[in-house]
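Below: one structure, written as structure tokens.
The values are calculated or read from the model by the stated rules, or taken from the named source; none is laboratory data. These figures come from a predicted structure and were not determined experimentally. So basically every Cβ, Gly included, is an ideal-geometry build from the backbone, and we count neighbours across all protein chains shown.
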Amino acid sequence: MNKVEMITLEKLPTNVEELKAMADLSSPFNTAALAVAAFINYEKDVNAAIEMINFLKGPQPLSVMDTQFIRDRLSGKGYVVRSYVEGTSVENDYTIPDGPIKIEVSDNPYSYTNEGYAVLYLKSSGADSPRPVTLRKKGDGTWCLWQHTFLSDVRVPKSQNPWA
């Protein structure tokens, strides 16, 4: 297997309506990239980001524990999710480049071992290896965000690193 897809978004959505307009959830690769886009919005507008994430979660919205986990992972660390956009780096403080947004998503031979689930991997410019994201397939064939384990820490931006 080891399929790698570069998902290109013309722009980042800022609300759930914009996300829905670009949401092709027929591919787990697209859903994974859209999850990154939704989480990127968290540092600008928490409520809009939560609404977008809940849309991607399908019939199972975020729990209170999930929202606390996200808050803990991303408060003051919006760079974690920006690191998944091509063109970002530790050196440029994970600044998202102008133009279309590109997110690299891949699978491996074990990505589909549990029927109805896909564990895909997001390339981060702040980590040595891609980070997992788990998706679940609904009966209608759409893929929903199941686990957001890709929110793990990455290397600190240069401007925040006292040793840089």
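How many residues does the stretch 114-151 hold that are more than 19 Å from residue 78 (Cα to Cα) and among the β-branched types (Val, Ile, Thr)?
Residues meeting the conditions: 3.
Which residue out of 76, 99, 58 is modelled with pLDDT of 95 or more, more than 14 Å from the chain's Cα centre (by Cα) and on the phi > 0 side of the Ramachandran plot?
Details: 76 fails: modelled with pLDDT of 95 or more; 99 fails: modelled with pLDDT of 95 or more.
The match here is 58.
I'm checking my understanding of the structure. Among residues of the stretch 138-155 that are touching a residue at least 24 places away in the same chain (Cβ under 8 Å) and in a loop (DSSP other than H, G, I, E, B), which one is nearest to residue 62 (Cα to Cα)? Let's see the steps before the verdict.
Of the stretch 138-155, the ones touching a residue at least 24 places away in the same chain (Cβ under 8 Å) are 138, 141-146, 148, 150-155.
Checking which are in a loop (DSSP other than H, G, I, E, B) leaves us with 138, 141-142, 148, 152-155.
Numbers: 138: 17, 141: 21, 142: 18, 148: 10, 152: 18, 153: 21, 154: 23, 155: 27 Å.
This residue is 148.
Given the condition assigned to a loop (DSSP other than H, G, I, E, B), of a type in the set (Asp, Glu) and either in contact (Cβ under 8 Å) with a residue 60 or more places away in the chain or more than 14 Å from residue 29 (Cβ to Cβ) (or both), answer yes or no: does some residue in the stretch 126-137 qualify?
Restricting attention to the stretch 126-137, the residues satisfying the condition of being assigned to a loop (DSSP other than H, G, I, E, B) are 126-130.
Subset that is of a type in the set (Asp, Glu): 128.
Subsequent filtering for residues that are either in contact (Cβ under 8 Å) with a residue 60 or more places away in the chain or more than 14 Å from residue 29 (Cβ to Cβ) (or both) retains 128.
Within the stretch 126-137, one or more residues are assigned to a loop (DSSP other than H, G, I, E, B), of a type in the set (Asp, Glu) and either in contact (Cβ under 8 Å) with a residue 60 or more places away in the chain or more than 14 Å from residue 29 (Cβ to Cβ) (or both).
Limited to the stretch 96-126, what total is found for residues that are of a type in the set (Gly, Ala, Ser), closer than 27 Å to residue 137 by Cα and surrounded by 19 or more Cβ atoms within 10 Å (Cβ to Cβ)? Walk me through it before giving the result.
First pass over the stretch 96-126, keeping only residues of a type in the set (Gly, Ala, Ser): 99, 106, 111, 116, 118, 124-126.
Narrowing the set further to residues that are closer than 27 Å to residue 137 by Cα leaves 106, 111, 116, 118, 124.
Still in the running and surrounded by 19 or more Cβ atoms within 10 Å (Cβ to Cβ): 111, 118, 124.
Total meeting the criteria: 3.
For the stretch 112-125, what are the residues that are part of a strand (DSSP E or B) and of a type outside the set (Ser, Thr, Tyr)?
Taking the stretch 112-125 first, the residues part of a strand (DSSP E or B) are 117-122.
Of everything in the stretch 112-125, those that are part of a strand (DSSP E or B) and of a type outside the set (Ser, Thr, Tyr) turn out to be 118, 119, 120, 122.
Taking into account only those residues within the stretch 133-164 that are loosely packed, with under 13 Cβ neighbours inside 10 Å and hydrophobic (A, V, I, L, M, F, W, C), which is nearest to residue 20 (Cα to Cα)?
164
Specify the residue that is surrounded by the most Cβ atoms within 10 Å (Cβ to Cβ); the eligible residues are those in the stretch 1-22 that are within 16 Å of residue 105 (Cα to Cα) and hydrophobic (A, V, I, L, M, F, W, C).
Let us first name the residues in the stretch 1-22 that are within 16 Å of residue 105 (Cα to Cα), namely 1-9.
Filter once more, keeping what is hydrophobic (A, V, I, L, M, F, W, C): 1, 4, 6-7, 9.
Details: 1: 9, 4: 12, 6: 13, 7: 21, 9: 18.
Taking the candidates together, the pick is 7.
Assuming residue 93 fulfils every condition listed in (1) surrounded by 17 or more Cβ atoms within 10 Å (Cβ to Cβ); (2) among the charged types (D, E, K, R); (3) touching a helix residue (DSSP H, G or I) at 6+ places or on another chain (Cβ under 9 Å); (4) more than 17 Å from residue 15 (Cα to Cα) apart from one, which condition is it?
(1)
Output the residues belonging to the stretch 40-56 that are over 15 Å from residue 17 (Cα atoms) and assigned to a helix (DSSP H, G or I). Talk me through it step by step, then tell me what you get.
As a first pass, look at the stretch 40-56 and keep what is over 15 Å from residue 17 (Cα atoms): 40, 42-44, 46.
Within the stretch 40-56, 40, 42, 43, 46 qualify.
Pick from the stretch 68-102 the residues that are assigned to a helix (DSSP H, G or I) and of a type outside the set (A, V, I, L, M): which of them is farthest from residue 164 (Cα to Cα)?
Going through the stretch 68-102, the residues assigned to a helix (DSSP H, G or I) turn out to be 68-74, 79-82.
Add one more test, that the residue is of a type outside the set (A, V, I, L, M), and what stays is 68-69, 71-73, 79, 82.
Details: 68: 31, 69: 29, 71: 27, 72: 25, 73: 23, 79: 17, 82: 20 Å.
Filtering first and then ranking leaves 68.
Any residue at all in the stretch 26-44 that is more than 18 Å from residue 136 (Cα to Cα), over 14 Å from the mean Cα position of the chain (by Cα), among the β-branched types (Val, Ile, Thr) and surrounded by 15 or more Cβ atoms within 10 Å (Cβ to Cβ)?
Checked against the condition, which is being more than 18 Å from residue 136 (Cα to Cα), over 14 Å from the mean Cα position of the chain (by Cα), among the β-branched types (Val, Ile, Thr) and surrounded by 15 or more Cβ atoms within 10 Å (Cβ to Cβ), the stretch 26-44 yields no hits at all.
Restricting to the stretch 23-48, and then to whatever is touching a residue at least 12 places away in the same chain (Cβ under 8 Å) and of a type in the set (Asp, Glu), can you tell me which residue is nearest to residue 108 (Cα to Cα)?
43
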